[in-house]
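This report concerns only the one structure given below.
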Amino acid sequence: MALIYVVEDDNDILEIETFALKNSNYEVKGFSNAKDFYKAVEEKIPSLAVLDVMLPDEDGLQIVQKLREMPKVCHIPIIMVTARTTEIDKVKGLDMGADDYLTKPFGVMELIARVKALLRRSGKQEEKKLLELGELQMDDEKHAVYVNEKVCELTFKEYELLKMFLENAGIVLTRESIMNRIWGTDYSGETRTVDMHIKTLRQKLGEAGNKIKTIRNVGYLME
């Protein structure tokens, strides 16, 4: 069940939005300010966020900007909700990183339709572009790797190695299969190349590199 966070300081609107989403079989949590929303995000990352622009403690656009700068949550789909009707306001929201925009007043059916469509799109994108394992995160769209939310600089081959491990977490990969995919050859005499690259990959990943285990006489396994 998708988890949706709704941030809205008007209690009547918040209640309507929450009720409608729950009736559509979503798990919903509502917040009237940015502070409580940030705290909840730290505890559990939602599948989607619905943000009002005008909030008592922080502008909704600032919230979007901050979320887009945080590696762990930058992928969250965001729908902006506002009473502002000018085109420039909508463009600004989308430029800041919002995925969709609703102008008050709106019908609950429109809200539900927008949420469903955005979750479908984001679900397909995440399957291809976002890989996570513990403190490791790979954003394939940005071709970036993060360890504990800090950027980890890798060479192209190291990146491809890590991607292969993340896609096959829990599965033993032989040196030959790694050679075939990453270097385009399965010549066993060159498997020392694999060992050397994995050594440097482990070093760059720091403690997270311990997830890559050596399976004697076979290959490697990412736990």
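Give me a count of the residues in region 42-60 that are part of a helix (DSSP H, G or I) and either of a type in the set (Lys, Arg) or open to solvent by 10 Å² or more (accessible area, probe 1.4 Å) (or both).
2
Please identify the pairs in which a residue from region 91-115 that is within 12 Å of residue 50 (Cα to Cα) has its Cβ atom under 6 Å from the Cβ atom of a residue that is of a type in the set (Asp, Glu), counting only partners at least 6 apart or on another chain.
114/100
If we keep just the residues of region 27-41 that are outside any strand (DSSP E or B) and open to solvent by 30 Å² or more (accessible area, probe 1.4 Å), which is farthest from residue 70 (Cα to Cα)? Step through it out loud before you land on a result.
At the first step, the residues of region 27-41 found to be outside any strand (DSSP E or B) are 32-41.
Next, only the ones that are open to solvent by 30 Å² or more (accessible area, probe 1.4 Å) stay: 32-33, 35-36, 38-39.
Values: 32: 22, 33: 19, 35: 16, 36: 17, 38: 12, 39: 14 Å.
Among them, the one singled out is 32.
Considering only residues that are charged (D, E, K, R) and either closer than 21 Å to residue 30 by Cβ or within 19 Å of the chain's Cα centre (by Cα) (or both), which ones fall in region 57-109?
Once the filter is applied, which keeps residues that are charged (D, E, K, R) and either closer than 21 Å to residue 30 by Cβ or within 19 Å of the chain's Cα centre (by Cα) (or both), region 57-109 yields 57, 58, 59, 66, 68, 69, 72, 95, 99, 100, 104.
If I filter region 139-179 down to residues being under 14 Å from residue 204 (Cα atoms) and of a type in the set (S, T, N, Q), which single residue comes out as most open to solvent (accessible area, probe 1.4 Å)?
Result: 148.
Given region 161-223, what strands (runs of 3 or more DSSP E) lie entirely inside it while holding 2 or more residues that are at pLDDT below 85, under 30 Å from the mean Cα position of the chain (by Cα) and under 20 Å from residue 133 (Cβ atoms)?
Where strands (runs of 3 or more DSSP E) fall fully within region 161-223, none carries at least 2 residues being at pLDDT below 85, under 30 Å from the mean Cα position of the chain (by Cα) and under 20 Å from residue 133 (Cβ atoms).
For the list (1) assigned to a loop (DSSP other than H, G, I, E, B); (2) modelled with pLDDT under 85; (3) open to solvent by less than 50 Å² (accessible area, probe 1.4 Å), I need the number of the one condition that residue 93 fails.
Exception for residue 93: condition (1).
From 176, 223, grab the single residue that is closer than 30 Å to residue 70 by Cβ and touching a Gly at 6+ places or on another chain (Cβ under 9 Å). Working first, answer last.
Details: 176 fails: closer than 30 Å to residue 70 by Cβ.
So the residue among 176, 223 that is closer than 30 Å to residue 70 by Cβ and touching a Gly at 6+ places or on another chain (Cβ under 9 Å) is 223.
Tally up the residues in region 73-90 that are of a type outside the set (Val, Ile, Thr), at pLDDT below 80 and out of contact with any Ser or Thr (no Cβ under 8 Å at 6 or more places or on another chain), please. Lay out the reasoning, then the answer.
Let us first name the residues in region 73-90 that are of a type outside the set (Val, Ile, Thr), namely 74-75, 77, 80, 83-84, 87, 89-90.
With at pLDDT below 80 added as a condition, the list becomes 83-84, 87, 89-90.
Cutting the leftovers down to out of contact with any Ser or Thr (no Cβ under 8 Å at 6 or more places or on another chain) gives us 87.
The total comes to 1.
The values are calculated or read from the model by the stated rules, or taken from the named source; none is laboratory data. The structure presented is a predicted model; accordingly, all values stated were derived computationally and were not measured. A quick note on method: Cβ atoms are made from the backbone with ideal geometry, for glycine too, and the neighbour counts reach across all protein chains shown. Surface accessibility is based on the protein's heavy atoms, side chains included, excluding ligands, DNA and RNA. Shrake-Rupley method; radii C 1.70, N 1.55, O 1.52, S 1.80 Å.
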